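Notes follow once the structure below has been shown.
The values are calculated or read from the model by the stated rules, or taken from the named source; none is laboratory data. Keep in mind it's a predicted model, so treat the numbers as computed, not measured. Neighbour counts run over all protein chains shown; Cβ positions are idealised from the backbone, glycine included. With ligands, DNA and RNA removed, areas are computed over all heavy atoms of the protein, side chains included. Shrake-Rupley method; radii C 1.70, N 1.55, O 1.52, S 1.80 Å.
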Amino acid sequence: MKLIAVSGLKGGVGASTVAANLAGGLHDINKNVAIVDLDLRNFLRVYFSMKMTDGDGWASREYCGEDWALAFHQSPAGVSFLPFGAQAKPVRSGREKTLSKQRKIDYFSEPKSVYRLSNSFFSEMLTTLADQFDYAIIHLPSVSFTSSFMEPLRDLHATIDLHLVVINPDTACYSILDAQGKSVSQLSKIKLLANKFY
């Protein structure tokens, strides 16, 4: 299975749109593709006609102790997608139960944690995807090239085939790349994709 990661350099650059269109394009040329939303904002689902009020997703099912794979949906066009799901609320009864659930919330609500695809949970998810699909697109939260983010990025890049980082030709993206851009050259699987280039 080819594994393609898509993330934005910052919010609002159009990474969700790029990821959704990439999955749709691969589906249109008869490739067996799935797209997985690893961004806790849970917005990718709207591109595939899932209602905003529908909170189903892999993270919310995993949080409730259910099988995350049951959260797979299919768009009207036939694209398989796995939404993140609505953020789970902390459990208030029983201190031990609360702490156990809270650890899961911390894990699924920490954007940097989903970059660690070597984690046993994500390894299981990727193995399941590889058994069924030729391509998997993973939509990630915004990327950072700060020193604290480099370890999760290296972890991600040990697993994926390509990492598309969506940027806009604007002052904000230029400033971020100017400050953090040297780290980009250390990661050979990154390709910068300029979106909204008019």
Dividing the helical contributions, -39500 (n - 2.57) per DSSP H run of n ≥ 4, by the residues of the chain yields a 222 nm value, nearest 500 deg cm²/dmol, of -10500 deg cm²/dmol
For the range 1-59, the charge dipole (Cβ of Lys, Arg +1; Cβ of Asp, Glu -1; about the Cα centre) points to a positive end, and the Cα of Trp58, Gly12, Asn30 closest to that extreme belongs to Gly12
With only Lys, Arg, Asp and Glu charged, each at its Cβ (+1 for the first two, -1 for the last two), find how big the charge dipole of the chain is about the Cα centre; round to the nearest 20 debye. 460
Can you pick out the pairs among Lys10/Lys112; Lys10/Lys31; Lys51/Lys196; Lys51/Lys191; Lys2/Lys189; Lys10/Lys189 whose Cα atoms lie more than 23 Å from each other? Lys10/Lys31; Lys51/Lys196; Lys51/Lys191
Amide H within-cut-off set for Leu193, under 5 Å, with H built and near neighbours excluded: Val165, Val166, Ile167
Packing rank of 41-51, 68-78, where each peptide gets the mean count of other beta carbons within 10 Å, highest leading: 41-51, 68-78
Give me the percent relative contact order of the chain, please, defined on Cα pairs under 8 angstrom at least 6 residues apart. 33
Summarise the accessible area of the chain (1.4 Å probe, protein heavy atoms) by the percent that is carbon and sulfur. 52
In nm, to one decimal, how far is the modelled label at Thr171 from the one at Ala194, with both set 7 Å along Cα→Cβ? 1.9
Just need the relative contact order of the range 142-192 here, percent rounded to a whole number, with Cα pairs under 8 Å and 6+ apart. 54
Bounding extents of the range 144-198 in its principal axis frame from Cα atoms, largest first in Å, are 34, 22, 14
Surface per residue (accessible, 1.4 Å probe) for the chain, Å²: 51
